[in-house]
Amino acid sequence: MSSHREAPAISKDPVADNTDTYAFVTPGDTVTIITNYLPVEAPAGGPNFYEFADDVLYEIHIDNTGDGKPDITYQFRFETVNTNPDTFLYNTGPITALDSPTWNRRQSYTVTKVTRRRGRSSRETVIGRGLVAPPCNIGPRSTPNYQGLADAAVATLPTDETVFAGQRAEGFYVDLGSVFDLATLRPFQNLHLIPTAAADGVDSLENVNVHSLAIQVPIGHLTRDGRVPRDPMRPEAVIGVWGAASRRKATLLDDDGD
């Protein structure tokens, strides 16, 4: 799936906007699932750099019975702290480690696994707590070794899942500038009802970022029978995967109670 600011309502709430969801088989009989949020992040997005929201519940749903309902859900909840209340700045010096004292705006998160079986109550288990999301890639002075920070933020959980939450380069290719200019497609602009000279397609997302939730899960954790299927044509070998984000429902009343 892909949605980069197309839906009118969610475009006003980018921290809850799930832009893409990817799922693919990876080595070691695992499945890697990636869900992206916060579309079209400008790399130079300071001084208030992008982050997940503390008041949004992020979820990755897995259906292994083919009924379109989640049988397994991984939930991500974030907590943000300011380590230096005397400044609004994201950092006051180089961030060389995930515990650098110069990094003021930090996020940690909890991962909860929810399992559901027909006729039974759902079961919630916290499988990761106090996990650290790396800072944004600010620049060569503030994050001189960003790759090292990102690598340090990859965590393997006691239940064998591996997780990462943080900023990544946008991997989706789309020519937004052309598509939403009255639905023209480069390099076929000369065939449009309002023709212009043909030109090569442009990856409008090449130089922007997103915030990703990535989890690598043993296949046996996701299948309905807990096994690793060897025949891709069997029903047990098929799962459905989708991402979601939600806020608590609230009712606001005026002073007169209406």
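The values are calculated or read from the model by the stated rules, or taken from the named source; none is laboratory data. Predicted model only: the values in this text are computed from it and were never measured. With ideal geometry, Cβ positions are generated from the backbone for all residues, glycine too; neighbour counts draw on all protein chains shown. Each accessible area value is taken on the protein alone, full model and side chains, heavy atoms only, with ligands, DNA and RNA left out. Shrake-Rupley method; radii C 1.70, N 1.55, O 1.52, S 1.80 Å.
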Boolean, Asp99 is open to solvent by 50 Å² or more (accessible area, probe 1.4 Å), over 27 Å from Pro218 (Cα atoms) and in contact with a Ser or Thr (Cβ under 8 Å, 6 or more places away or on another chain): no
Residue selected from segment 1-19 under the condition charged (D, E, K, R) and surrounded by fewer than 20 Cβ atoms within 10 Å (Cβ to Cβ), by the criterion farthest from Leu222 (Cα to Cα): Lys12
Residue list for segment 102-126, restricted to those being hydrophobic (A, V, I, L, M, F, W, C), surrounded by fewer than 20 Cβ atoms within 10 Å (Cβ to Cβ) and in contact with a Leu (Cβ under 9 Å, 6 or more places away or on another chain): none
Count of segment 61-96 residues which are within 25 Å of Lys113 (Cα to Cα), open to solvent by 60 Å² or more (accessible area, probe 1.4 Å) and not in a loop (DSSP other than H, G, I, E, B): 3
One residue from Tyr37, Tyr50 being farther than 30 Å from Pro229 by Cα, open to solvent by 40 Å² or more (accessible area, probe 1.4 Å) and not β-branched (Val, Ile, Thr): Tyr50
Subset of segment 228-246 (residues that are out of contact with any Asp or Glu (no Cβ under 7 Å at 6 or more places or on another chain) and over 19 Å from Val114 (Cβ atoms)): Arg230, Asp231, Pro232, Met233, Arg234, Pro235, Val238
Pairs, first under 22 Å from Val56 (Cβ atoms) and open to solvent by 40 Å² or more (accessible area, probe 1.4 Å) in segment 199-212, second assigned to a loop (DSSP other than H, G, I, E, B) and among the acidic types (Asp, Glu), C-beta under 8 Å, six or more apart: none
Segment 222-235: number of residues that are surrounded by fewer than 18 Cβ atoms within 10 Å (Cβ to Cβ) and touching a residue at least 24 places away in the same chain (Cβ under 8 Å): 3
Qualifying residue in segment 172-190 (condition: touching a Pro at 6+ places or on another chain (Cβ under 6 Å) and not in a loop (DSSP other than H, G, I, E, B)): no
Flag if Ala44 is of a type outside the set (D, E, K, R), part of a loop (DSSP other than H, G, I, E, B) and either at pLDDT 95 or above or surrounded by 17 or more Cβ atoms within 10 Å (Cβ to Cβ) (or both): no
Segment 127-138, subset of a type outside the set (A, V, I, L, M, F, W, C) and without any contact (Cβ under 8 Å) to a residue 40 or more places away in the chain, residue surrounded by the most Cβ atoms within 10 Å (Cβ to Cβ): Pro134
Residue within segment 151-167 that is in contact (Cβ under 8 Å) with a residue 12 or more places away in the chain, open to solvent by 20 Å² or more (accessible area, probe 1.4 Å), among the charged types (D, E, K, R) and assigned to a strand (DSSP E or B) present: no
Residue that is closer than 30 Å to Leu57 by Cβ and within 20 Å of the chain's Cα centre (by Cα), where the choices are Ala169, Ala237: Ala169
